[in-house]
1. For P(r) over Cα pairs in 10 Å bins from 0, in percent, the listed values are (1) 9, 29, 32, 19, 9, 2, 0; (2) 7, 19, 20, 16, 13, 10, 8, 5, 2, 0; (3) 8, 36, 40, 15, 1; which was obtained by calculation from the structure presented?
2. Which percent of the accessible area of the chain is formed by carbon and sulfur heavy atoms (probe 1.4 angstrom)?
3. Looking at the chain as a GNM with Cα springs under 10 Å, which of Leu84, Leu24, Leu96 has the largest mean-square fluctuation?
4. Modelled label-to-label distance, Val104 and Val119, 7 Å Cα→beta-carbon offset: nm?
5. Once whole DSSP H runs in the chain are found, which of them have Cα atoms spread over 30 Å or more along the helix axis and a mean Kyte-Doolittle score of at least -1.0?
6. Go through Pro47, Val92, Asn71 and say which Cα lies farthest out towards the positive end of the charge dipole of the range 22-93; charges sit on Cβ, +1 for Lys and Arg, -1 for Asp and Glu.
7. What is the chain's relative contact order, in percent, from Cα pairs under 8 angstrom and six or more apart in sequence?
8. Measuring from centroid to centroid over Cα atoms, what is the spacing of the range 141-166 and the range 40-98 in Å?
Amino acid sequence: QVYYESSEEAFGRFQEQFANSPILENVTAAALPESFRIKLYNPEDYPAIANALSDAAGVEVVRDQKRLLDNFFTVLNGMQALALGVSAAMLVVTVLLVANTMRVSAFSRRRETGIMKLVGASNYYIRLPFLLEAGIAAAVGGIIASGALIGLKVFLIDRVLSPTFQFTAFIGWSDIHRVLPIVLATGISLAVLAAFFAIRRYLKV
């Protein structure tokens, strides 16, 4: 998006930004230059825009407001990377926990499993109760996690963060609706796979 900002409009925006500052007494509309403001769909395209316009007639300087927030975005990117790392670690821990739980469950039922194997029950038939147990437990956990996400959206984002930090966009309900099935499907799939491989040794009689 490209739009023109006159000196009067720039002065009005300046008054909003410095509403309680004494600097307003020494600034007039004539002190603020008129400008064209460009809002990029992809901020990474800034170098190409700056190169194209820096030598254009009537352009004194091209300023990238994103550079003013580089440190802030660096911190946010670091926090995002940390969150992804913690999430990956939690996935690994979850898989190990489910596998260990299924091993304990299979060990405690090894006598029944052995009898079923000796009377001709297939491996699939023997595995099925363990897989159902893991899947149901994972579904319950996924529902709890989904409820926590909805609660964070309603109480933290919509009621606290969005009204306070209006200069940035937060996740919307469309993002929540897209993530909830992924949370459930991923949790159930990981639990079932972990249980499937965890009880292999107890199928050998």
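1. Derived directly from the coordinates: (2).
2. Numbers: 9810 of 15200 Å².
The nonpolar share, carbon plus sulfur, comes to 65 percent.
3. Leu24
4. That separation, rounded to one decimal, is 2.8 nm.
5. On the way: long enough: 70-108 (56 Å, 1.28); 123-151 (41 Å, 1.28); 173-198 (37 Å, 1.52).
Answer set is 70-108, 123-151, 173-198.
6. Farthest towards the positive pole: Val92.
7. Numbers: 129 pairs, mean separation 48.4, N = 205.
So the answer I get is 24 percent.
8. 24 Å
The values are calculated or read from the model by the stated rules, or taken from the named source; none is laboratory data. Owing to the predicted nature of the structure, the values given are computational and were not obtained by experimental measurement. Note: ideal-geometry Cβ built from the backbone for every residue, glycine included; neighbour counts use all protein chains shown. Note: areas computed on protein heavy atoms with side chains; ligands, DNA, RNA excluded. Shrake-Rupley method; radii C 1.70, N 1.55, O 1.52, S 1.80 Å.
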